[in-house]
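Student: There's a structure below that I have some questions on.
The values are calculated or read from the model by the stated rules, or taken from the named source; none is laboratory data. What you are looking at is a predicted structure, and each value in this text was computed from that prediction instead of being measured. Neighbour counts run over all protein chains shown; Cβ positions are idealised from the backbone, glycine included.
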Amino acid sequence: MLRLTKTLALTTLFAWPMAQAAEVLPAPLLQLDDKFSHHVLVAEKSTHQLHLFQNDNGKPKLVKTVQMATGKKAGDKIFQGDHRTPEGVYQMTEFLTHEDLIKRHGKAGEIYGVGAFVMNYPNPIDEREGKTGGGIWIHSTNDETRIDKGLDSRGCVVTANVDLIELAKYIELNRTSVVVVHNLNYLKSDAWESERANILKTVSDWASAWQSEDITTYLKQYDAKQFTDRTRGNYSAFSQYKKAVFSAPGKPEVNLSNISIMMANGYAVATFIQDYKATNLADVGKKLLYLKKNEYYEWKIVSEVWTKSGIEPSEEELNKVAFQPSMRFFKTLNPEQIMEIIPANATSATQSASN
C-alpha cells in the first residue's frame with residue numbers, strides 16, 4: 001500500500017515581522033520536515049545576508065540572520081574560476097575543521113577561519129546545464145573585514161567565525177540544505193500553498209504509478225525533453241529501462257515519508273525517505289527529485305538521485321526526541337582557541353579549493 005506521510009498538512013502561518021505577516025511565506029521553502037529540514041540556510045546574495053530558518057509544522061520560521069560575503073563577481077556561477085557563487089538548492093556533505101584546512105593548504109588555509117562546510121556543487125541541475133567548477137564552501141575567515149565588502153570570495157559563502165560556530169549547531173551533514181538566491185522572494189500564503197500542492201501532486205502521482213506499475217502515468221511525471229539520469233542517460237534510455245523493470249512479475253510497495261520541498265533558480269527539489277519493497281529487493285534510502293516546469297507550467301522530473309547518505313538515525317532520533325542544537329562540529333565557542341591549533345607539518349601552502 002502506498003503511504004505518503006507529512007505531505008499535505010496545512011498548518012499555522014509562518015510569523016514574519018511585517019504588517020502583512022500572515023500573508024507571505026518565503027518562496028524557496030515550500031515544505032520543511034524534521035528529518036531533512038529541521039533547519040535550513042538561505043543565502044540572499046543581493047543583501048549579503050545568511051538566514052537560518054527552522055521547521056514550524058512544515059512551514060519556515062526565521063531563527064536568525066547574519067552577514068556574509070559571496071563571490072567577487074555578481075551573478076550565478078557558470079564555470080570554474082569565474083569567482084561567482086552558485087545559485088540553487090544544495091546540501092552540506094562534509095565539514096573541514098581548521099586543522100584539516102591547515103593540513104591541506106598549509107598557512108594559506110588560515111583564510112578559511114575556524115572551518116568550512118562543503119556544498120554539493122555541481123548538483124544534477126548544474127551538471128545538465130554544463131556548469132563547471134567545485135570547492136564551493138560555507139566557511140569563515142581570518143580577516144572579517146572581507147564580510148563588510150559583500151563581494152569578496154572566489155565563489156564561497158563567507159561568514160564571521162562566531163557566526164559559523166553558532167550556525168553549525170543547527171547543521172547535520174547530508175541533511176541540512178542551503179538555498180542560494182539572488183533575492184529572497186515571498187509568496188502570499190494561498191500562492192505558496194498552491195505551488196507546494198502542485199509539486200506534491202507530481203510526487204504523489206509518480207509514487208502511485210510506480211506502485212501500480214502504470215508505466216504510462218509514471219513516465220508522464222518526467223520531462224521527456226529535459227530529463228537526464230547519471231546512470232541511464234537521457235529520457236529514452238531511462239524509459240526503456242523502466243519499462244523492463246515494470247514488466248517483471250510482482251508489484252512493488254513504495255512508501256514515501258519525511259518530504260521536504262525547496263525551490264531556487266527555476267527548479268525545485270523534493271527530498272524524502274523512499275522505502276521500496278519488491279519480490280527480490282527491499283531497500284530504504286534518500287531520494288531527491290529535481291523538478292522543473294515545462295511549457296505548460298506543469299512540474300516534471302528532470303533528474304533524480306538515490307543515496308544512503310543522511311538516512312542513518314541521529315542521536316535525537318534514536319532517543320525519540322526533537323532535534324536539539326549542539327556543538328557537533330566545534331569544541332569551543334572561542335574562535336581564537338580553534339585557530340591556534342596549527343599542525344607541526346603545516347609549513348607550506350598547497351592548492352586551494354577550486355571554486
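Student: Can T132 be described as touching a strand residue (DSSP E or B) at 6+ places or on another chain (Cβ under 9 Å), surrounded by fewer than 21 Cβ atoms within 10 Å (Cβ to Cβ) and at pLDDT 95 or above?
Tutor: no
Student: Here's a check for you: in segment 87-101, which residue that is touching a residue at least 60 places away in the same chain (Cβ under 8 Å) and buried (at least 23 other Cβ atoms within 10 Å of the Cβ) is farthest from the chain's Cα centre (by Cα)?
Tutor: H98
Student: I'd like to verify a number: residues in segment 193-239 that are of a type outside the set (A, V, I, L, M, F, W, C), outside any helix (DSSP H, G or I) and farther than 20 Å from D275 by Cα, how many?
Tutor: Residues meeting the conditions: 11.
Student: If you go through segment 57-75, how many residues are outside any strand (DSSP E or B) and under 22 Å from the mean Cα position of the chain (by Cα)?
Tutor: 5
Student: Given the conditions (1) assigned to a loop (DSSP other than H, G, I, E, B); (2) among the hydrophobic types (A, V, I, L, M, F, W, C); (3) free of Cβ contacts under 8 Å to residues at least 12 places away in the same chain, and given that A322 satisfies all but one, which numbered condition is not satisfied?
Tutor: (3)
Student: Spot the failing condition for A264; the list is (1) crowded, with 19+ Cβ neighbours inside 10 Å; (2) at pLDDT below 95, and only one is missed.
Tutor: (2)
Student: While we're looking at this one, here's another question. Among the residues of segment 289-306 satisfying the criterion of being surrounded by 11 or more Cβ atoms within 10 Å (Cβ to Cβ) and without any contact (Cβ under 8 Å) to a residue 60 or more places away in the chain, which is nearest to E253 (Cα to Cα)?
Tutor: Going through the qualifying residues, I end up with W306.
Student: Out of all the residues in segment 144-155, is one or more closer than 30 Å to S314 by Cα and in contact with a Phe, Trp or Tyr (Cβ under 9 Å, 6 or more places away or on another chain)?
Tutor: No, segment 144-155 has no match at all.
Student: Return the only residue of I78, I111 being over 22 Å from the mean Cα position of the chain (by Cα) and either assigned to a loop (DSSP other than H, G, I, E, B) or at pLDDT 95 or above (or both).
Tutor: Exactly one residue qualifies, and that residue is I111.
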